[in-house]
Every structure is written in C-alpha cells, then in structure tokens.
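Here is the structure we will look at, set down as structure tokens.
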Amino acid sequence: MKQGTQTTDRDVADRSVARDFIQLPRRQVVLTMAGLLLAMFLAALDQTIVSTAMPRIIADLGGFDRYTWVTTAYLVASTVAVPIVGRLTDIYGRKIFFIGGIAVFLVGSVLAGMSGSMNQLIASRAIQGLGGGVIMANSFVAIADLFPPEERGKFQGFLGVVFGMASVIGPTLGGFITDNFSWSWIFLINVPVGLPVLLLIAWLFPKITPEVENRKLDYPGMVTLILAVTPILLALSWGGVQYAWGSPQVVGFLAFGLAMGVAFVVIESRTESPIMPLEIYRNQMVAVALLATFLTGFGMFGAIIFVPLFFQGVLGASATSSGSFLTPMMLGIVFGATLSGQLLSRTGGHYRLQAVIGTGLMVVGAFLISTMNPDTSFVRAVGYIVVLGLGLGATFPTFTLAVQNSVPFRLMGVSTSALQFFRSIGGMLGLAVLGAVMANRFASKLEDLVPETVTTVLPPGQLDAIKDNPQALIDPSAVDRLKAGFAQTGPDGVRMVDTLLGSLKSALAGAISDVFVLSAVVIGLSLVVSLFLHRSGFTMPETGGDKVQSQVPERRA
C-alpha cells in the first residue's frame, strides 16, 4: 500500500512485472496456450495413471517388491526437476526448456511402453518424470509470458482445472486402457498426443531471452538440492510400506537428506548466482503462498488416495466405480479454479479473501468427510467431496497469482516453480503421515470392535494379518475364503462372518475419519497462514495511465 510518497517493495514489484511483459498477437497466444494445456495435462496425468495398471504390470514383468517404485520414480524425478528448471528458465528463457522437457517426456514414454523388465520400467519412469517436471515448471510460469498481470488469474485457473482433472481421472483412464488394450499404451499414448504439442510449442512459443548480468550456473546448489530432496522423498515413500519407519534405510535417508538441505541453504546464501535465490523467501507474499501451498498439498493428495478407499471398503462400491466417485471432486476443482481465476482477473486480485475462502471450504469439506460412516449415503458422501474440491480448485490460481504478481520478472520462474515444488513435497509428506495414521488407527479400532466370539474362531495370526491389510473389504475372493473358513465352524459361521465384516467396515471408516480430521487441522493451518497475504495484488490498468509494453518477439527459436 502507498502512504504519501512512500512506496513498498510490492508496489515496485508490481510495476516491474508490468514493464517486463511483452504483448503477443492473439492467434499466437491462443495456439500456444492450447499446446501448453495439453502438455500440462500429459505431465500431470502420468503422476497417477499407472496406479490401476500396476497389478497387470506386475503380472507381466514381476518385481512385486518394487511395486511402488514405478510411481515413486516419476514423482521424485519430476519434483527434483521443478525448482532447478524454474531458475534456469529465468536465466536462459523458457522456450528451449519447454521443448526439451516435452522431448524427454516422450522418450521416457516410449521406453516405458517398451519395457521388458521392472528395472527398465522404473528407469524409464524416472526419465519420463524429469521431462514431466520440466513441463510442469514451465506451464505455470509461461502464463506470465503470455498474459499481462490483470489477465493471468483466469488462465491460471485453467491450469488448475487441467492439473486437477488429470490427477483425478488418471487412475480411471489407466484402468480403462489396461483392460481394453495393454498397459504399454498408458505410456505410448503420450507419443501421438505429445508430438503435435512439441511442434506447436517449437513454432509459436515466444523466444524471450531474459536480461541477466550473471549466467554462471550454481552447480554446487543443484547437486546439494538433488541430494537433499531425493533421499527425503524416497524415505517418505518407503516408510511404512517397504521398510518400517524406524528402519536404518528410512532414518538414514531422512538424516542424509536433512543434512544436505542444511548444506544447500548455506551454499545458496553465499553463492554469486544461486539456483534458488533465498531473497524470494523474504518476500511476504511468496513466503506465505509457499507455506499455504505446502499445507494444502498435504490435504489434496490424501483426499485422492483415501476417498476411493472409503467408497470401496466401507460403502461397498466396486474398484472401478470407487475411482469414478472422484469425478464430482474433479468437477468441484474445475468450477472452483475457474471461478477463482475469473474473480482474480475481474476484481484486481483479492488474494487474502479468496485464499481464506478456498482453504476454508477445504477445511469444511475435510471435516464433513471425517463424519462419514458405514451408514452414510452415496449422495451425502459425494456432496462432501464436492465441497473439498471447490476449495482446492479455488486455491490453485490464487496462490500462483499472488506469487507471480509480487515478484520481478527475473525471479518469475524460480518463484512460480517453487509453488509446484512445495505442493509436491507437501503431498508426499501427507501421503506418508496420513497413511501411517490410517494403518495404526485401523489396527487399534479393529482390535476393539471384533467380538471375542469371533477372535476365538479365527486361525492364529489371521486377525493380525487383517490388521495389516484389510483385503476382505476390497477383494471378493478374500471374502469367499473367509466364508469358507467360518462355514467349517458350524451353523453360526455365516453370522460370525457378517459380524467380522461389519467390524472391518466400522474400523476402516473410523480410521479414515481420523485421517480427515488430521487433514482438516493441517488445512486449517493453511487458512491461518493465508491471513498474512496482502489484501490485493496488481493494480488494474486505468485509462490514460502507463501502458504495458507491446512488442512482438520472434516466433521461432
């Protein structure tokens, strides 16, 4: 805010953003935006599309002990690439990295689709993830290259819509392609879609070379960032799944990653041209938006994983339909992101108000989901996840615009990509923490709910096995095996099976309820953090005021 003749850093940043913008011809902007949205969709889709294809992949390639690595390899590689590429685009421009990212993604897709072993597939997914991370980093930043500050809100909303849609429909689409074609095509389908996008970006994306005095690369910073993020993400993925949380593998990787994180901060504070300038964290808008994004990411990924589990395990939906119940949340995300983006563009950017509304809806949605139980109707459950989706969608453009319109153009790439980085880190931390909470609470509640008359009939160790994996709730063959086992106990066998299944449903519902209570608390923290955003951002242009620079850059590299 201005007081008298005083000018704040944010005012300077706002004017800097406007001065650095270059207006492009409308046709070039429309076609480039179409290519950008398609590239973003493919990169986000491949984060989740493989999940429903994994049983078929394991059947063909083996390697059950590396089940989670196929997804983890992509997520880790893409997460590590985002902050590094974001900064490099500030130095060398975004076009060359966008083209390179799509090319690497397509190469990784071909290699993944042609994999003949699990190790080859994991390596191919890592290559694919690197390309996907570059695409993600450039997509959100590119909005600032294509549109002036007062128009960015509605188009960031479109990106939020695409990201949310791809994340939610990925599992369903993966299952459909695997069932009707082959698991290889969940990767190979990227090629016929991605090649036209690559050509479109190469032809039309503006070649804008930033005016940077120092182009020296921060190799020590890049190396320590990779060595910090990679082991931490791997430890979060392994903990409670492949290794116990207290195992040497998990503890060792976490300790090493944290040590490298400290080294990274020291290096960045002293280097001449840091890969992640620490000055962006001294900007209040950026710091607040990053922290809030980290916290909402925690809740977002938890919802995508645990909502289908509730529908399938507690309400008895099929595996296919349980994934489709995320569609209402996707529609909520679409509506929330679109409405929020439009309001940001039309009202001048009321970041604090819209962030509070968005995170507030997420809190309400998570709390409502936590009240669900085996007697909850499908209609009510769908209504609850729509509320969560509306809030989540509203946060996408709000936090991105809060960052982009408060930093100078020279820091646009690294600041925007930091949002994606923190969302991914928050999501993986959320999955690890919420997964551990669910497993522990399910085991505890099941022990309290199963009657002694049932536990005495169960074979030794079977109840402990069910605690670790409630397969009977989601696998019809497991139910048949239980019924066959209880039938041998006499006439009361069928009744005891029903009692056990009822206890399993109640225990799982209670565990998922606890998960969403924790999610509501964490998202509530993001609401509190959002209160520290500035009330508004850019100043809407006025007639007779300063004009935005209008030039047409060269179209080809």
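What follows is calculated from the coordinates using simple rules that are stated; it is not laboratory data. Owing to the predicted nature of the structure, the values given are computational and were not obtained by experimental measurement. Here Cβ is always computed from backbone atoms with ideal geometry, including for glycine, and neighbour counts include all displayed protein chains.
Structure notes:
- Residue exposure proxy: Tyr219, Tyr243, ordered by other Cβ atoms within 10 angstrom of their Cβ from fewest to most, comes out as Tyr219, Tyr243.
- Note on Leu353 and Ala59: their simple-model spin labels are 5.5 nm apart, each label 7 Å out from Cα toward Cβ.
- Residue by residue, the stretch 197-203 carries 3J(HN,Hα) couplings of 5, 4, 5, 5, 5, 4, 7 Hz when phi is fed to the Karplus relation 6.51 cos²θ - 1.76 cosθ + 1.60 (θ = phi - 60°); x denotes Gly or Pro.
- Cα Rg, Dmax, the stretch 146-260, angstrom units: 20.9, 55
- Distance from the alpha carbon centroid of the stretch 222-301 to that of the stretch 380-414 works out to 21 angstrom.
- Using alpha carbons only, the radius of gyration of the stretch 324-449 set against its Kirkwood radius gives Rg/Rh = 1.07.
- In this calculation the C-beta distance from Tyr92 to Leu278 is compared with R0 = 22 Å, giving a FRET efficiency of 0.55.
- Rounded D (µm²/s) - the stretch 218-272, Kirkwood Rh over Cα pairs, Stokes-Einstein at 4 °C, 1.567 mPa s: 113
- Per the Kirkwood formula applied to alpha carbons, the stretch 60-192 shows a radius of gyration over Rh ratio, Rg over Rh, of 1.02.
- Karplus-based coupling profile of the stretch 446-452, in residue order and whole Hz: 5, 4, 7, 8, 6, x, 5, with θ = phi - 60° in 6.51 cos²θ - 1.76 cosθ + 1.60 and x standing for Gly or Pro.
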